[in-house]
Every structure is written in C-alpha cells, then in structure tokens.
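**Student:** So that we are looking at the same thing, I have put the structure below in structure tokens.
Since every read-out is calculated from the coordinates, none of them should be taken as a lab result. Please read these numbers as outputs of a predicted model, since none were measured by experiment. When we count neighbours, we look across all protein chains shown, and the Cβ atoms used for this are built from the backbone with ideal geometry, even at glycine.
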Amino acid sequence: MELRVRALETILVEKGYVEPVALDRIVELYETRIGPHIGARVVAKAWADPSFRQALLQDATQAVNAFSPAGRIGDHLVAVENTPGVHNLVVCTLCSCYPWDVLGLPPVWYKSFAYRSRAVKEPRAVLADFGVALPRETDIRVWDSTAETRFMVVPMRPAGTEDWDEERLAALVTRDCMVGTGLPKDPQAAA
C-alpha cells in the first residue's frame, strides 16, 4: 500500500496536478489537527464529564468545536449514545457522507455498496462481520448520514475505567466504535 501511495503521489506531482508542499500540509493536517483523535477526545470527555455528555447529545456540532485547533468542525453533527439496550450503527446509503473532520478519513468499507446496503437490511449480521456480538435483546438503530446530517456514536464506557483520566480513556476509543461497527478497546489490554 505504501508503494502504491508513493507511486500515485509521484505521478500526480510529475504531471503538475498537485504540489508536494500541499500534500505535505494535508497529511500534517490529518495527522495533527483533524481526524479520529478528535473524536476519541470527544468521547472520552463525554465519558468523564456528565454535563459535557449532555451538551454533546443535545448539540454535537457546538460541543465538538472546542476540540479543534483547525477551526470550525463537526458541521451538521449529531451524537447518538449506545446504552445497554441500544446499539447505534452509522451508514450513508447514498454515497459516503461521513464526519471526516471528527473521525478522520472514512474507511474503504464504509463507502462499499455491500456495507451501505447490508447495514440497513441486516445490521446484526454486519456487526457480526466486524466481530461485534450483541445480546439478542439489544435494539440496533441504524442512522443514515446525509449531506445535511452526519452522525457519530458515543460508545458505552468500558467497565473498570471509572478512575481513568480523559487521556487514558481516549486511548480506548477507535474510529470503528464511533461508527458503531466496533466496541472500545479492552481496558485491561490497553493498561
């Protein structure tokens, strides 16, 4: 994959379609200023601070903006919360609408026709494909992102993390759990 990326970059630069400095800036922006680390910090704050959690669930766009050094992020963002009785799953059935500024670049599978169609028709089977097995009584809610509304999942806080600070909590949060196709990392494995 790395060789493919370098080859593509070389061709684009040689043909004059992109400037190397611009590519470096974009990569730096995604690595340091926008992306899944912002979403992870948002989730960790929601786990640690009940008033922030409430604010996030009421107006995610407003709540996430405090986390971006790059300016306004999270336009049209709605946060949905997993509970013991409800698991949320995000999809865009039309294309690939995705809160990239909070969750980073969308994974390839998020854009695939198979994911987009199956997530709506058989969400429990899709979750099983990702290794997520939920109790039969857990309701699965599928949220369809659009250009007007994008969703992020606030997963359930793992047990045994009650005394953890936000930095440690953020290390448990993955992009997949903020889409609903995964669960937070096991705190014992991360400790």
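**Student:** Between the DSSP loop rule and a limit of at most 16 other Cβ atoms within 10 Å, which trypsin sites (Lys or Arg not before Pro) in the range 100-178 are left?
**Tutor:** The qualifying sites are R136.
**Student:** Starting at the first residue of the range 50-58, write each ³J(HN,Hα) from the Karplus equation 6.51 cos²θ - 1.76 cosθ + 1.60 with θ = phi - 60°, in whole Hz, x for Gly and Pro.
**Tutor:** These are the phi-based 3J(HN,Hα) values: x, 6, 5, 4, 5, 4, 4, 5, 7 Hz.
**Student:** Evaluate the distance, in nm, between pseudo-label points positioned 7 Å from the Cα of R25 and of E167 along their respective Cα→Cβ axes.
**Tutor:** 3.1 nm
**Student:** Something else now. Given labels modelled 7 Å from the Cα in the Cβ direction, how far is it in nm from A128 to A159?
**Tutor:** 2.5 nm
**Student:** Could you compute the FRET efficiency for A66 and T149, with r as their C-beta to C-beta distance and R0 at 30 Å, rounded to 0.05?
**Tutor:** So the FRET efficiency works out to roughly 0.90.
**Student:** Could I ask something else about it? Can you tell me the dipole magnitude for the chain around its Cα centre, using point charges on the Cβ only (Lys, Arg +1; Asp, Glu -1), in Debye to the nearest 20?
**Tutor:** Value, rounded to 20: 480 debye.
**Student:** At what distance in nm do the modelled label points of Q54 and V13 sit from each other, each positioned 7 Å from its Cα along Cα→Cβ?
**Tutor:** The two pseudo-label positions are separated by 5.3 nm.
**Student:** Which loop-located GluC sites (Glu not before Pro) does the range 88-191 contain, where loop means any DSSP state but H, G, I, E or B and the Cβ has at most 14 other Cβ atoms within 10 Å?
**Tutor:** E137, E148, E162
**Student:** Let me ask something additional. Tell me the label only: which of (1) 11.7; (2) 12.3; (3) 10.2 is mean projected area of the Cα convex hull in nm² as calculated from this structure?
**Tutor:** Derived directly from the coordinates: (2).
**Student:** So, one more: For the range 35-190, with the dipole built from +1 on Lys and Arg beta-carbon atoms and -1 on Asp and Glu ones, taken about the Cα centre, which of L103, L172, A125 lies farthest toward the positive end?
**Tutor:** The listed residue farthest towards the positive side: A125.
**Student:** Which of rounded, prolate or oblate describes the range 69-141 when judged by the alpha-carbon gyration tensor and an a/c cut-off of 1.5?
**Tutor:** Oblate is the answer for the range 69-141, as a/c is 1.5 or above yet b/c matches or exceeds a/b.
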